[in-house]
1. How much net charge surrounds Ile217 when only other residues with a Cβ under 14 Å from its Cβ are counted (Lys, Arg +1; Asp, Glu -1)?
2. Report the Stokes-Einstein translational diffusion coefficient (µm² s⁻¹, integer) for the stretch 39-175, Rh taken as the Kirkwood radius over Cα pairs, at 25 °C with viscosity 0.890 mPa s.
3. Computed over the Cα atoms, what is the radius of gyration of the stretch 14-55 divided by 2.2 N^0.38 Å, N being its residue count?
4. Per the helix-only calculation at 222 nm, which mean residue ellipticity applies to the chain, given -39500 (n - 2.57) for every DSSP H run of n ≥ 4 and division by its residues, nearest 500 deg cm²/dmol?
5. What is the set of long-range amide H partners of Phe45 at a cut-off below 5 Å, with H atoms built 1.01 Å from backbone N?
6. Ratio of the chain's C-alpha Rg to 2.2 N^0.38 Å, to two decimals?
7. By the gyration tensor of its Cα atoms, with a ≥ b ≥ c the square roots of the eigenvalues, what is the shape of the stretch 174-262: rounded for a/c under 1.5, prolate for a/b over b/c, or oblate?
8. When you count, for each residue, the other Cβ atoms within 10 Å and take the mean per peptide, how do 66-72, 86-92, 76-82 rank with the highest first?
Amino acid sequence: MNSATPRRPLLAANWKMYKGPQSTAAFVERFAPLYSRHPDRTVLFFPPAISLQAFLDARGDRTDLEVGIQDVHTAREGAHTGAISAAMAAEAGVAWGLAGHSERRREFNDDDRAVSLKLCRLLEAGLRPVLCVGETLEERRGGRLEAVLTRQLEAVLDHVDEGASVEWADRVLAYEPVWAIGTGETATPSDAAEAHGLIRSVLARRVGAAGALAATILYGGSVKPENIRELLTADGVDGVLVGGASLDPDSFAVICEGGMDR
Ligand code: PGA
């Protein structure tokens, strides 16, 4: 998030399966006065679907606290008990959607094709996707970092090129090394810079240098108030996607201030 980057910094909270409607409202009430609106950055929350309305109600006129859905179905609509479509999320008033989070890939068998379909559904519904990519420890140790990131990214780019009726012009990605998610292990700024550089070079091959330069790439994996400042100085890191530390309003407010003491 250094001032040299042409991209707008983005600080995002992924609440996963935490916080029902009441605790969501309580969070927003505490967080809103701690984090004053900064026009130079985007602050975004992914609450559980059941708490989206509570978030929207609680934020009131603080529309700078943006909201997204954690997951959508690959289909536009249909007999899929328990599932939520991108169009429904848009109708509910959210503006963003996650696709490809490693927990979805691992626990719900979202493969590259499913991730691509979800990304297309988000685009069709007018939502802004955040595409997550990242390698496991085994893949990293096996020297497959570049291959894995390339495969995950190209699968989506191929599909979007072929199939989507809407272009993915405004690319937002998150590099989330699986070994750093929820483990307390954080990538070093140089690990993050290397991976972000790889992602940007895959993008450059596919969409050209200008498109790659314009893409926003977040880092995710055990981000906390103690390491935010250092991570945001890493080359090519435009913001963060935060799990555990975003559940506490005080911690996430420090993160949104860029690690500055309030
Ligand atoms: P974590 O999760 O910050 O708890 O490691 C990050 C994520 O999964 O997006």
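The values are calculated or read from the model by the stated rules, or taken from the named source; none is laboratory data. Just so you know, these numbers come straight off a predicted model, no measurement behind them. Note that each Cβ is placed from the backbone with ideal geometry, even for glycine, and that neighbours are counted across all protein chains shown. Heads up: the accessible areas ignore ligands, DNA and RNA and are worked out on the full protein's heavy atoms, side chains in. Shrake-Rupley method; radii C 1.70, N 1.55, O 1.52, S 1.80 Å.
1. Values: positive: Arg7, Arg8, Arg171, Arg200; negative: Asp170, Glu176, Asp191, Glu194, Asp235, Asp238.
For residues surrounding Ile217, the net value is -2.
2. Values: Rh = 15.7 Å.
In µm²/s, the coefficient is 156.
3. Relative to the 2.2 N^0.38 Å estimate, the stretch 14-55 comes out at 1.20.
4. My calculation for the chain gives -12000 deg cm²/dmol from helical runs alone.
5. Amide H neighbours of Phe45: Ala13, Glu66, Val67, Gly68.
6. Values: Rg = 17.2 Å, N = 262, 2.2 N^0.38 = 18.3 Å.
The value comes to 0.94.
7. It comes out prolate by the Cα gyration axes.
8. The densest-packed peptide leads the list: 66-72, 86-92, 76-82.
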